[in-house]
Ligand code: FES
Ligand SMILES: [Fe+2]
């Protein structure tokens with residue numbers, strides 16, 4: 001059974017918490033580039049990992065991600081003036097640059113050097129794929145920005161939709177590690193193009209630990225063919241899923257009971273400038289979804305009887321949110337009953353708990369290489385049919401060619417394929 005302590009470990013991400021310190025050793029998405037589209041535009045709030053931050057793009061285009069509360073007496077810098085290469089507090093005019101250097105303290109005597117003794121908290125950023133990433137850990141432990149293929153893609157081949165999720169990041173993440181719910185939660189009766197998933201309600205699952213996280217394979221019987229869906233949990237908060245072409249779903253904690261869901265996608269062809277960005281139509285101002293708990297996700301009971309399993313239309317964000325938010329903001333996993341269909345969830349929890357435990361023992365964390373050129377093409381996702389009985393590894397050999405160590409150096413560190421028996425999965429031993 002999942003214990004209260006394990007539940008706390010995997011939900012709490014404030015500074016100083018076990019997982020909070022682990023997450024602070026990775027580059028994570030902080031905000032979309034378009035939230036601060038041009039130099040000297042208004043700053044925006046960025047609440048992540050239990051910290052209140054603001055982001056701004058200065059006169060030279062440099063990005064600052066700094067503590068929201070002024071180092072003087074705590075006024076929010078969200079209300080400040082973004083001008084002349086710094087963010088100036090609205091209370092007494094102290095001005096900070098993108099690195100947290102306090103440039104001016106105009107309410108102090110002209111010869112004051114007090115500002116030189118203070119550094120305003122600021123985190124490094126990296127802009128790629130339309131996302132501003134940040135690293136919130138110790139400077140000397142900073143890994144390289146991961147060399148994922150999408151980091152180098154032209155901006156017209158990637159898209160992102162960010163939305164507020166009113167529950168713990170872990171509930172969102174676990175929804176990505178569970179292929180079985182596709183047959184139910186997202187089911188559209190009689191819809192063309194979804195038959196592959198619906199044919200076999202209880203897919204066979206394989207999971208394997210890798211250098212980056214956990215690879216999850218759902219294998220469905222599709223008559224004359226076998227239907228594979230491969231997803232990859234990537235430390236610390238992403239899952240590559242075969243949605244649309246290929247998507248990366250990321251769950252960034254805001255605090256213990258809320259998170260940002262990112263639907264980040266790669267397209268096969270360049271998108272037209274006026275092309276609608278997938279999922280954005282489901283999200284309103286402030287990244288709040290149209291379908292929420294406070295309007296019962298606009299459930300249509302007649303539709304639920306006749307057209308869809310849930311009654312929420314084709315609104316996939318709404319489907320997933322109903323499932324994960326209605327558990328409560330921080331679900332008490334000591335009361336759950338894990339079953340065979342939860343193999344992926346179990347494997348990912350184990351991987352995360354092991355990473356936290358190892359980190360506390362001073363061992364290296366997985367997927368934190370300092371090599372910016374380290375190939376990452378073994379991290380992937382796909383869904384496809386092949387003749388019955390095909391071996392997915394033979395079809396996609398690039399996924400199988402590498403088993404790296406916990407810190408990504410290339411040899412096998414004891415991770416390997418482990419297929420849990422139904423009994424193990426069913427009793428939920430963690
Ligand atoms: S509180 Fe910001 S300058 Fe005084
Ligand atoms: Fe889903």
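What follows draws every value from the coordinates through simple rules; no lab data is involved. Here the structure is a predicted model, which means the values were calculated and not measured. Note: ideal-geometry Cβ built from the backbone for every residue, glycine included; neighbour counts use all protein chains shown.
Things to note:
- GNM remark for the chain: springs join alpha carbons under 10 Å apart, and the peak mean-square fluctuation among 163, 231, 76 falls on 76.
- Angle in degrees between helix 316-325 and the longest Cα principal axis of the chain, rounded to the nearest 10: 80 degrees
- Helix 343-360 and the longest principal axis of the C-alpha atoms of the chain enclose an angle of approximately 40°.
- Neighbour counts of C-beta atoms inside 10 Å place 155, 237, 353 in the sequence 155, 353, 237, starting with the fewest.
- The chain: most fluctuating residue of 322, 153, 96 per GNM, C-alpha cutoff 10 Å: 153
- Between the alpha-carbon centres of the stretch 74-123 and the stretch 16-40 there is a gap of 22 Å.
- Whole-Å semi-axes of the ellipsoid equivalent to the stretch 11-94 (Cα gyration tensor, √5λ, descending): 25, 16, 9
- Its convex hull of Cα atoms gives the chain a direction-averaged projected area, equal to a quarter of the hull surface, of 22.5 nm².
- Shape category assigned to the stretch 335-406 from the gyration tensor of Cα positions, a/c cut at 1.5: oblate
- For the stretch 27-141, the fraction of alpha-carbon pairs in successive 10 Å shells from zero, as %: 15, 49, 29, 6, 0
- The residues 291, 220, when put in order of fewest to most other Cβ atoms within 10 Å, stand as 291, 220.
- Taking the fewest neighbouring Cβ atoms within 10 Å as the starting point, the ordered list for 136, 216, 142 is 142, 136, 216.
- The stretch 152-229 has equivalent-ellipsoid semi-axes of 25, 18, 17 Å, by the square roots of 5 times the alpha carbon gyration tensor eigenvalues, sorted largest first.
- The chain - mean residue ellipticity at 222 nm from DSSP helices (-39,500 (n - 2.57) per run, n ≥ 4, rounded to 500): -4500 deg cm²/dmol
- Sorting the segments 46-55, 311-320 by their mean number of nearby beta carbons within 10 angstrom, highest to lowest, gives 46-55, 311-320.
- Rh (Kirkwood; distinct C-alpha pairs) - the stretch 143-184, Å: 13.6 Å
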